[in-house]
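A quick write-up on the structure given underneath.
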Amino acid sequence: MLISPSSPYSNGGWLERNIVDPSLKGQQPIVLETKQLHVYYGDNEAIHEGDLKFPEHRISALIGPSGSGKSTYLRSLNRMNDGIARVTGEILYRGVDINRPEIDVYKMRRRIGMVFQRPNPFSKSIYDNITFALKRRGVTDKRKLDEVVETSLKQAAIWDEVKDKLKKSALALSGGQQQRLCIARAVAIKPDILLLDEPASALDPVSTSKLEETLLQLKEDYTIVIVTHNMQQAARISDYTAFFNMGRALEYDETSQIFTSPKVQLTNNYVAGDFG
Ligand SMILES: Nc1ncnc2c1ncn2[C@@H]1O[C@H](COP(=O)(O)OP(=O)(O)OP(=O)(O)O)[C@@H](O)[C@H]1O
């Protein structure tokens, strides 16, 4: 049946779902992609349609109401749901399906790092926080470790604030500094992709703004996927935005498109603040 805009069956030209592949527009290589991804907590299917592709050196934001599945989706991307949820489908990292049982999850997480909602530095010095993983992997050369500490802290835009107190406890830093330290700790092992789950939700506006500047610098070197409740934040820093609702990614497009002329009515309602 053909539906004209004036037809009683019309919904005003809105689509129910409109996943656009951003790579078709930007031509960037795809670093990470999910296919037929489903996530189950027991009998509850938390993700049942969420196939997205993440272009290299871009920031992609996942937005949507509480309980829509954003964190579940994000956590699946580096298998943080292992043991908690059943995840079916493919998670392709540079073409390799990392959702297969034989994948070495710890090695994979060196390439796909995660920064959590609440800053979680170790109860150790700033220096030891950054070098912890490297030392465990057997790196002992002090010059090498010093170099990684400096480079990582610079990349996370916190070097100037901590360079004179590297041996002091990380727990003495402010919440915003601790979060940037956690980013420095994540980049110290040279990942390819950084996943961030509402990294600014516990931070004040000044720290949030610093964190956002940091992320914008980091995308020169990393591909970033971020869950955020803060729509202004998604609009400020992300290149692409996916809107989640009830376990489905309903729309995925360039951020400017999502915020100015979404094609799906629910996306429009959400970004207009009608629900959330
Ligand atoms: N560990 C868990 N065990 C069981 N169910 C869970 C678990 N974590 C999440 N869920 C359920 O999965 C669904 C999606 O939750 P999820 O936290 O991914 O949504 P979200 O969009 O990130 O929400 P929020 O913005 O509030 O963090 C919800 O129904 C939630 O109750």
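The values are calculated or read from the model by the stated rules, or taken from the named source; none is laboratory data. Note that this is a predicted model, so its numbers are computed, not measured. When we count neighbours, we look across all protein chains shown, and the Cβ atoms used for this are built from the backbone with ideal geometry, even at glycine.
List of remarks:
- Within segment 225-237, being out of contact with any Asp or Glu (no Cβ under 9 Å at 6 or more places or on another chain) and in contact (Cβ under 8 Å) with a residue 12 or more places away in the chain holds for Val225, Met231, Ala234, Ala235.
- Checked across segment 218-236, the condition of being closer than 28 Å to Gly12 by Cβ and modelled with pLDDT of 95 or more holds for at least one residue.
- Residue match in segment 83-93 (condition: away from the ligand (no atom under 16 Å from the Cβ), more than 24 Å from Gly42 (Cβ to Cβ) and more than 15 Å from the chain's Cα centre (by Cα)): yes
- If you go through segment 151-171 and pick out every residue that is within 22 Å of the chain's Cα centre (by Cα) and crowded, with 17+ Cβ neighbours inside 10 Å, you end up with 6.
- For segment 72-82, taking the residues that are among the polar types (S, T, N, Q) and either surrounded by fewer than 21 Cβ atoms within 10 Å (Cβ to Cβ) or more than 9 Å from the ligand (Cβ to nearest atom) (or both), the one that is nearest to Arg111 (Cα to Cα) is identified as Asn78.
- Only one entry in Ala46, Ala61 is crowded, with 20+ Cβ neighbours inside 10 Å, at pLDDT 95 or above, among the small types (Gly, Ala, Ser) and farther than 22 Å from Gln233 by Cβ, namely Ala46.
- Residues that are of a type in the set (S, T, N, Q), under 27 Å from Arg118 (Cα atoms) and crowded, with 23+ Cβ neighbours inside 10 Å within segment 229-268 comprise Ser238, Thr241, listed in sequence order.
- Of the candidates Asp128, Asp146, the single residue that is part of a helix (DSSP H, G or I) and under 23 Å from Asp221 (Cα atoms) is Asp146.
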